[in-house]
Structure formats: structure tokens, C-alpha cells
Amino acid sequence: MINTKHLKPIFCLSFLLFLIAGCVTTIPANDTSNPTLSFYVVGPTIGINTVASTNPNIALASFDCPTGTDLAGQTQVGFVTSIANDTVRFKVVGSDRGGVQSLRITVLHNQVNNIRIENTAGIEPQIIPGPNSVTIVATFTRPKTSQTLVFDVVGAGATLAFNGTVTDFSNNDSAVPPVNSGSPTIRIVDIARCNN
């Protein structure tokens, strides 16, 4: 008899690996579908946590204070992890059946490093520093079903905010948070917020 309780994590990991790897594809003649964009926080003690996505089929991580904190179970404005004095790794995955043409991510913090495209060799993201932000732009010439941008943020303080856009080869796009949504950014909050 097959133990099915182990199948869900295996399926989820396989799906994430598929998204990260991407496949070379052909641009459809009449592509009107928007690409998807997903943000993940990655760490050795927290695993992979989806903190934002335009794909409604991807479950988001809990924004609750973790067990063992003073405010355990209380919902916060963003994903809770240790960011104040630590390095936090992010993976941003853009996906589209007709190929991802560009990713544009703005991090509202100026200590962003180790920026790279994980699944396409030879692509150097453009880094545009601002007074209190870093914008990362990656443009692709070969259509692949997904592209993965990875970067680290160092010593973010109490709150880290970011936003992004993905565009496909037919100029369809998606944004996180959605354009004109009233929410200008996505937030990650330091675990200290969960203690009195």
C-alpha cells in the first residue's frame, strides 16, 4: 500500500524545481495570457516560503508570529523571519508558457547582493541603485517557460519591502503587488516584532 502523506511534499518540491529550471519554448502566435510572478524567502532553518504570487494555485506562507514568541499566532503585515541582523535569500520566479522576457524587482533597501539568474547562463542582471532601494532588471532573449532571479538582502532592519513585474514575449505582464491595488509593496517583518 502506498503511503500518500509523503506524496504532497514530493509533488510540491517537484513543481517548484520545474518552475525554477524552466524549459525552452516557442512564443505562441496569439498569446494573451499573463505570466505569473512568485516571491520566495529561502533559508536553512525556514525552508522555502512563498510570500507573494500572482498564481492563485500557489499557497502563501503564514504571516503569523511563530510558536515560542510572545505574540504566537497573531497575524502580521508580512512574512515573519529574522531579517534585522541577518542575510535573507530571495528567489523570484517568473513563469509563462510562451517564455519570460523580463523580470524587474525593486527592493526598498540598499544592501542587496549576490544577485544572479539561477537557471540561464550568461545573463547579467542590470542593477539600478536608488537612494534607499535597489532595482534589478533581467532581460532574456531566449524564451524559457520560467526564469529565476536570486538575491540576498543584508541587515534589513524591522521591515523589508519589495515589488516586481514579469513580462512575457507578447508584452503581457503581471505585477506583485498588482498595479493600482492600493498596496505599494510586499513586506517581510523581523521576528522581534512578535516579542513584547
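How much length, in nm to one decimal, is gained on full extension between Thr45 and Val154, taken as 0.36 nm per residue of separation minus their Cα-Cα distance?
37.6 nm is the gain from fully extending Thr45 to Val154.
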Working note, the chain: Cα radius of gyration (Å, one decimal) and Dmax (Å, whole number) are 17.2, 60
Cα extents of region 73-173 along the three principal axes, largest first (Å)
40, 30, 22
For the pair Gln74 and Asn113, how long in nm is the line joining their label points, each one 7 Å along Cα→Cβ?
3.5 nm
Hey, what angle do you get for helix 7-21 against the long axis of the chain, alpha-carbon based, 0 to 90 degrees rounded to 10?
60 degrees
HN-Hα J in Hz across region 172-178 - Karplus 6.51, -1.76, 1.60, θ = phi - 60°, x for Gly and Pro
7, 9, 9, 10, 10, x, x
Which order do peptides 84-94, 24-34 fall in by mean Cβ count within 10 Å, highest first?
84-94, 24-34
Add -39500 (n - 2.57) for each DSSP H run of 4 or more in the chain, then divide by its residues: what number comes out at 222 nm, to the nearest 500 deg cm²/dmol?
-2500 deg cm²/dmol
In nm, spacing of pseudo-spin labels at Asn34 and Thr87 (7 Å Cα→C-beta vector):
3.5 nm
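A short reminder: the numbers here are calculations on the coordinates, not readings from a lab. Just so you know, these numbers come straight off a predicted model, no measurement behind them. Here Cβ is always computed from backbone atoms with ideal geometry, including for glycine, and neighbour counts include all displayed protein chains.
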